[in-house]
1. Out of residues 5 or more away from Ile362 or on other chains, whose amide H comes under 5 Å of its own, with H placed 1.01 Å from N in the peptide plane?
2. Using every pair of alpha-carbon atoms in the range 310-406, split the distances into 5 Å bins beginning at 0 and state the percent of pairs per bin, rounded to integers.
3. Say the dipole of the range 290-407 comes from +1 at the beta carbon of Lys and Arg and -1 at that of Asp and Glu; which of Gly379, Phe356, Tyr296 then lies farthest toward its positive end?
4. Which one, Ile305, Ser333, Pro319, is farthest towards the positive end of the dipole of the range 282-352 when Lys and Arg carry +1 and Asp and Glu -1 on their Cβ?
5. Considering only DSSP states other than H, G, I, E and B, which chymotrypsin sites (Phe, Trp or Tyr not before Pro) in the range 168-269 qualify as loop sites with at most 10 other Cβ atoms within 10 Å?
6. Using only Cα atoms, what Kirkwood radius does the range 160-281 have, in angstroms?
7. Report ³J(HN,Hα) in whole Hz for each residue of the range 354-361, in order, from the Karplus equation J = 6.51 cos²θ - 1.76 cosθ + 1.60 where θ = phi - 60°; Gly and Pro get x.
8. Given the C-alpha centroids of the range 310-346 and the range 193-258, what is the distance between them in whole angstrom?
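Every number here is computed from the coordinates shown, using simple stated rules; none is lab data. All values derive from a computational prediction rather than experimental measurement. Ideal geometry is used to build each Cβ from the backbone, glycine not excepted, and the neighbour counts take in all protein chains shown.
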Amino acid sequence: MAQENKNNTSITHSLRILILSCPHNNKHKTSSQTTFRTIMLQHTINAANKRIIISRLNRATTTTTTRYSSSTGTGNNVVVVDGVRLPFAQSSTIYTDELAVDLQRMAITGLINKTALSKEDVDHVICGNVIQEVRTSNIAREAAINAGLPNNIGSHTVAMACISSSMAVCTGAEKILAGQADVVIAGGAETFSDVPIRLSRKLRQKLIQLPKAMKKGQLAGLKHLFKGNIIGDIVGIETPAIANYTTGEVMGVSSDRLSAKFDVSREDQDRYTVRSHNMAAKAHEEGFYMGEVIPYKGETMENGIKAGSTMESVGKLKPAFVKPHGTHTAANSSFLTDGAAASLIMSEKRALELGFKPLAYIRDWSFKACDPFEELLLGPTYCSQSVLARQNLNMFDIGVFEIHGKFCNYVLRYGKTKIEENIYLCTYATNNFLISSFPMLVEIRNNRGICWSNTLKPNCNELPEICR
């Protein structure tokens, strides 16, 4: 890539965008001669305070889980062909009658329809999902079959909290690099509108043991069932917890605490929130997502975007997590989201054989883990260092970062730890487990440069002029 830029003296700058994919959109063009590098940064259970960041970034990166494809030749190149998503919606609104498997099925169907891909050409399907419906524990398999894919196509589901759907993409890339597949559909789905709600443990145990008790007669069975505090057993239902199982802490508390550590003020977060919502609304109005968002019941608009937001309106909200002096509110934090996405990745050789023009080349990615008690939600800081170092890049080689997370302070906090003021920052925020948190280096070699993501509701849609 360096040689390409050196030989082409007409290129005055090389844009690097943080993305997972890049959809067709003629409104967002760049020079066809420009080579793009891309990094996706998203939050994981990774974080650090200032002192730890400085020390750990100087360490070797051998603890990183990584795979990367060759930048030479075509045999080992992993390419992004296309991708789609459903409109992302606030939970308990438009998708109340749908299971997560239904959302994933619609996303896969939309991808196949958009690309006109023959279903027989698919080698494997991988989907991310966290809050699992018992009946569809392997949601990838069920969604694939119900989308009309042949029964002999293998499918599996990955669950890695907020990294799940992007882990699906990287797992698909690894299959391609290992020669086990050439065409992979990777995506993710989540719904908070129909989460599994369990009976209390005591009542579950009684029901499990009931058939054995019934062998002694119906009366014995009833005595077994109603033994003890049956009212308490029935009332004590269990709902899925948003809190971290190990720490018992919800992510908003962890994020709010880091805002204090890195001096990210409520005003900064509110200002970024207002900017994001208004730009997201503008993006929809101008057709930015044309072809990327597939309609649900004829609609593509996303109901979590609050057009016309102002500092005055968001400033009225009270802290949502750390009360009464926290900085995170219902406005500058994202809502619980329902949605699904699907992307098509291939080996470059197979993509060209099938007549597809690659949109991007997946070059590198990184996963890291650290202390969930003290170092939560600064994964991009750790992981980006590994990717950049491996690719002989530095922060000044990156023109645009796309950072995904649940709270707008992610991008502001990241800016305080690693990014200079002259580097453009773009963030998508969503409170859904589809989103990922790892840097993925993606190289774009065509004439389209629009950010596309395999995640949920975009919360910021501005791109520098060179992307348009």
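1. Val78, Val79, Val80, Glu443
2. Each 5 Å bin holds this share of Cα pairs: 2, 8, 11, 13, 14, 17, 13, 10, 6, 3, 2, 0, 0.
3. Among Gly379, Phe356, Tyr296, the one farthest towards the positive end of the dipole of the range 290-407 is Tyr296.
4. Pro319
5. Tyr245
6. 20.2 Å
7. Working through the residues one at a time gives 8, x, 8, 9, x, 8, 7, 10 Hz.
8. So the separation of the two Cα centres works out to 30 Å.
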